[in-house]
Every structure is written in structure tokens, then in C-alpha cells.
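The values are calculated or read from the model by the stated rules, or taken from the named source; none is laboratory data. Note that this is a predicted model, so its numbers are computed, not measured. Reconstructed Cβ throughout: ideal geometry from the backbone, glycine too, with neighbour counts over all protein chains shown. Side chains are part of the model used for accessible areas, which takes the heavy atoms of the whole protein and leaves out ligands, DNA and RNA. Shrake-Rupley method; radii C 1.70, N 1.55, O 1.52, S 1.80 Å.
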Amino acid sequence: METLQNKTAIITGASSGIGKSIAHHLASNGANVVLAARRSERLKELSDEVESNYSVGTKVVETDVTKKEDLENLVKETKETFGSVDIFVNNAGVMLLSFLKNDHVDEWEQMVDVNIKGVLFGIHAALPTMIEQESGHVINISSVAGHEVFPSSAVYSATKYAVRALSMGMEKELSRTGVRVTNISPGAVDTELTDHITDGDVLDMFQGRSTQTLNAEDIAKAVTYAVTQPDYVDVNEVMVRPMQK
């Protein structure tokens with residue numbers, strides 16, 4: 001396992017859940033962390049937490065991943081502050097489960113904008129610098145829903161299948177550039193993602209169900225494992241799911 005000392009990691013969706021936990025874990029391994037999300041107040045709180053616990057630098061950049069110029073600015077400010085972009089974690093995402101018959105078109109669009117276009121904009125912003133450096137690691141957070149489809153997940157799964165396809169394409173295109181790519185597919189995680197579901201049929205379906213879930217920290221550990229491997233080790237895909245009891 002290699003140290004992340006003097007390396008810089010950008011994390012989108014860092015204001016809560018998996019992104020927040022990733023920030024703590026990468027900082028604990030020596031990485032400077034650039035915290036990106038829309039909720040700047042939460043990012044500032046996280047920045048204070050990280051700097052009080054670890055001897056690393058932090059930077060807060062308010063970012064909406066659906067805006068290409070925001071991602072471009074995120075990378076620009078990171079390079080101005082720390083000089084390089086060594087790790088880029090495409091973590092921002094929304095999970096607005098709904099049944100197709102209920103026609104939540106606005107939510108379908110939101111998932112496409114955040115889960116697919118947001119990842120593409122991150123790649124667009126970070127990849128030129130990594131190729132120029134001949135080093136870097138892109139982490140794309142997909143989902144077990146990018147491997148399996150269940151009732152109400154059709155659109156969400158489609159967006160996460162897209163992230164997996166992007167990751168596989170990047171691996172093939174970048175294999176000789178020094179840039180590594182890892183696709184992380186979490187199972188059910190105890191985060192606030194489910195709080196944003198508005199489809200009454202989905203809420204009724206989950207009512208009373210007992211589901212084994214992961215902690216955000218479990219996914220952060222998988223990310224940390226991938227980015228701390230030696231340069232000659234390529235970790236292309238990691239699936240993290242709860243054991244069924």
C-alpha cells in the first residue's frame with residue numbers, strides 16, 4: 001500500500017454520505033482534499049474537521065456537477081492551490097427511484113444530468129491534466145444497480161450502467177497513458193439518498209422492509225484501497241455489497 005502524501009484528491013458530492021467519508025479516509029492517508037458540492041456550508045464544516053484531524057491541506061469549491069463550467073473551475077482552482085490533480089472521485093449522484101408508469105420525467109432528467117453528464121463533465125475537466133502529468137486516478141462511483149435492475153430502478157440503473165460503460169471505455173483508452181480508472185459499485189448504503197424519493201408506490205413498496213445496508217465508510221475504504229495500490233497494480237472494478245443474512 002502506497003502513501004498519498006503530497007497527492008491531491010478532488011471529491012464531488014463531498015458534503016455528506018459517501019463523499020464525506022471518502023474525504024476523511026483519503027486525508028487520513030496523507031492526501032490534500034478538494035471538497036466539491038453545492039452545499040458550501042457543509043463543505044466548510046467538513047474542511048474544518050479534516051484540517052483539525054489530519055496534517056493535510058483542504059479547499060472548498062462550491063460546485064454543481066450539472067454545469068460544465070463549474071467542473072472546469074474546480075480543476076482550475078485545484079491546480080492553482082495544489083499544483084496537480086492526482087485523484088478525481090466522481091461521487092455526486094442522485095437516486096430518485098420511481099416506477100416508469102408514474103412518469104416522473106423531471107426526475108429522470110435530473111438523474112441523467114447528475115449521474116451521467118456530471119461524471120462526463122468531471123472527466124472532461126480532469127483528464128487533460130492527468131494525461132499531461134502521465135499520472136492520475138479517476139474513481140467513478142457507480143452502483144450494484146449498474147449490474148442489476150429491480151422494480152422502480154429502471155432509469156437509475158440505466159444511469160449507473162452508463163457510468164460502468166464509461167469506466168470500461170476509459171480503461172481501454174487510457175491503458176498506456178499512466179492514468180488509472182476504477183469503477184466502484186456500492187450496494188445499499190445508509191445515506192440520505194433515499195430521503196429524496198418522491199414516488200408514493202416506491203415508498204409503499206419499501207414500507208416495513210428490513211434491508212441490510214452498508215455504511216458510507218465501507219465504500220470509502222474501497223476507494224482508499226484502489227488509490228493506494230502500487231503504480232503497476234490496476235484495480236478496475238470493485239463491487240461492495242452487504243452480506244445477506
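Look through Val50, Val114 and report the one residue that is assigned to a helix (DSSP H, G or I), in contact with a Ser or Thr (Cβ under 9 Å, 6 or more places away or on another chain) and under 24 Å from Asp199 (Cβ atoms).
Exactly one residue qualifies, and that residue is Val114.
Consider Glu134 against the criteria (1) at negative phi; (2) in contact with a Gly (Cβ under 7 Å, 6 or more places away or on another chain): it satisfies all of them except one. Which criterion is unmet?
Going through (1) at negative phi; (2) in contact with a Gly (Cβ under 7 Å, 6 or more places away or on another chain) one by one, Glu134 breaks only (1).
Yes/no per residue for (1) closer than 22 Å to Thr63 by Cβ; (2) of a type in the set (Ser, Thr, Tyr); (3) out of contact with any Lys or Arg (no Cβ under 7 Å at 6 or more places or on another chain):
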residue	(1), (2), (3)
Val85	yes, no, no
Phe88	yes, no, yes
Asp113	yes, no, yes
Ile139	yes, no, yes
Gly169	no, no, yes
Ala188	no, no, yes
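From the set of residues in segment 1-25 that are polar (S, T, N, Q) and more than 18 Å from Ser84 (Cβ to Cβ), which is surrounded by the fewest Cβ atoms within 10 Å (Cβ to Cβ)?
Ranking the candidates gives Ser16 first.
Which condition number does Val138 fail, the rest of (1) open to solvent by 40 Å² or more (accessible area, probe 1.4 Å); (2) within 25 Å of Asp218 (Cβ to Cβ); (3) aliphatic (A, V, I, L, M) being met?
Result: Val138 fails condition (1) only.
Among the candidates Val163, Val202, Val240, which residue alone is open to solvent by less than 90 Å² (accessible area, probe 1.4 Å) and closer than 19 Å to Thr12 by Cα?
Val163
Going by what's in this entry, would Val105 be described as out of contact with any Ser or Thr (no Cβ under 9 Å at 6 or more places or on another chain) and over 30 Å from Val233 (Cβ atoms)?
Taking the combined requirement at face value, the residue satisfies it.
What are the residues in segment 178-199 that are farther than 19 Å from Glu217 by Cβ and surrounded by 15 or more Cβ atoms within 10 Å (Cβ to Cβ), if any?
Listed by number, the residues that qualify are Val179, Arg180, Val181, Asn183, Ile197, Asp199.
Could you run through segment 26-47 and say how many residues are in a helix (DSSP H, G or I) and surrounded by fewer than 22 Cβ atoms within 10 Å (Cβ to Cβ)?
Of the residues in that region, 7 qualify.
Specify the residue that is farthest from the chain's Cα centre (by Cα); the eligible residues are those in segment 78-96 that are over 30 Å from Ser153 (Cβ atoms), open to solvent by less than 30 Å² (accessible area, probe 1.4 Å) and of a type in the set (S, T, N, Q).
So, considering only residues that are over 30 Å from Ser153 (Cβ atoms), open to solvent by less than 30 Å² (accessible area, probe 1.4 Å) and of a type in the set (S, T, N, Q), the one farthest from the chain's Cα centre (by Cα) is Ser84.
Just to be sure I understand, how many residues within segment 87-111 are out of contact with any His (no Cβ under 7 Å at 6 or more places or on another chain) and either polar (S, T, N, Q) or not in a helix (DSSP H, G or I) (or both)?
Of the residues in segment 87-111, 13 are out of contact with any His (no Cβ under 7 Å at 6 or more places or on another chain) and either polar (S, T, N, Q) or not in a helix (DSSP H, G or I) (or both).
Go through Val56, Val34 for me and flag whichever is of a type in the set (Val, Ile, Thr) and under 18 Å from the mean Cα position of the chain (by Cα).
Val34
What pairs come out if I take residues in segment 6-19 that are without any contact (Cβ under 8 Å) to a residue 60 or more places away in the chain and over 13 Å from Asn140 (Cα atoms) and pair them with residues that are among the acidic types (Asp, Glu) and assigned to a helix (DSSP H, G or I) whose C-beta lies under 9 Å away, six or more apart or interchain?
That search, which allows pairs on different chains as well, returns Ser15/Glu41; Ser15/Glu45.
If you go through segment 55-77 one residue at a time, do you hit one that is acidic (Asp, Glu), part of a loop (DSSP other than H, G, I, E, B) and either modelled with pLDDT of 95 or more or surrounded by fewer than 24 Cβ atoms within 10 Å (Cβ to Cβ) (or both)?
Yes, there is a match, as at least one residue in segment 55-77 is acidic (Asp, Glu), part of a loop (DSSP other than H, G, I, E, B) and either modelled with pLDDT of 95 or more or surrounded by fewer than 24 Cβ atoms within 10 Å (Cβ to Cβ) (or both).
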